[in-house]
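Let me begin by presenting the structure, written as structure tokens, before commenting on it.
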Amino acid sequence: MKKPRFLTLLFCALLSVVLLAGCSGKEESPVPPEQPVQNTDGGNSSAGTAAELGCLKSFSAGTLGGGSFTQDDITEKDLTIINFWSLTCGPCIAEMPDLAAFAKALPDNVQLVTVCLDGAGNEERTAEILEEAGFEGITIISGDGDLLSLAGNLIYTPTTLLADSEGNLVSDAIIGRQEDLSATFLAAVNAALESGGKEEIRLDE
């Protein structure tokens with residue numbers, strides 16, 4: 001079923017706020033070190049700070065390939081990694097090959113999807129960047145419900161979040177380009193799986 005045009009426009013309008021406030025296009029991390037992106041409760045929280053941004057329990061989204069992605073697709077996996085990026089963010093694009101390699105090495109119970117905040121209306125350029133990076137997974141370019149609300153709460157790009165099978169955001173948000181993306185993401189994934197009573201994963205060689 002085709003999504004109403006106003007949902008796509010609303011998604012793009014809200015996400016433009018993120019683009020204006022977020023990545024400056026420089027190669028360094030767009031997050032100043034003083035930003036409160038770490039746990040502030042003084043202990044180990046299984047929820048982490050990402051839970052403060054919202055959840056993904058009820059939403060529908062349109063993908064770059066013309067398909068759909070909903071909370072049902074999240075329910076099918078133990079963990080879903082969601083990377084928010086934009087066409088105007090240099091660090092986002094620079095880390096995309098590492099992101100693509102990491103996604104390909106994941107086992108079946110964990111998936112990685114990307115959300116291109118300015119992808120709607122720029123599908124050709126979005127596809128070009130993803131193809132050059134070797135990313136073959138799902139890229140969302142429009143959405144509503146919890147996804148729209150969550151995107152409106154983001155400040156920086158790239159931002160990567162982890163969602164469990166119930167759509168709860170777990171662990172801390174991973175903000176900015178990572179020097180060793182694979183190690184950083186794998187540590188976050190395994191910490192989230194362990195807190196949810198799931199077995200840790202290893203990446204395929």
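Every read-out reported here was derived from the displayed coordinates using simple, explicitly stated rules and does not represent laboratory data. As the structure is a prediction and not an experimental result, all values here were calculated from the model. Neighbour counts run over all protein chains shown; Cβ positions are idealised from the backbone, glycine included.
Some points to look at:
- Amide H contacts of Leu112 (H built 1.01 Å from N, under 5 Å, at least 5 apart or other chain): Ile81
- In order along region 195-201, the Karplus-derived 3J(HN,Hα) couplings, from 6.51 cos²θ - 1.76 cosθ + 1.60 at θ = phi - 60°, round to 5, x, x, 9, 6, 5, 10 Hz, and Gly and Pro are given as x.
- Close amide H pairs (under 5 Å, H built 1.01 Å from N) link Gly143 with Phe11, Gly62, residues at least 5 positions away or on another chain.
- Extension gain, Asp72 to Asp180, is 35.8 nm, computed as 0.36 nm per intervening residue step minus the present C-alpha separation.
- Spin-label model distance (nm) - Thr88 vs Ser195, 7 Å beyond Cα toward Cβ: 3.2
- Translational D in µm²/s for region 87-198 (Stokes-Einstein at 20 °C, 1.002 mPa s, Kirkwood Rh from C-alpha pairs): 145
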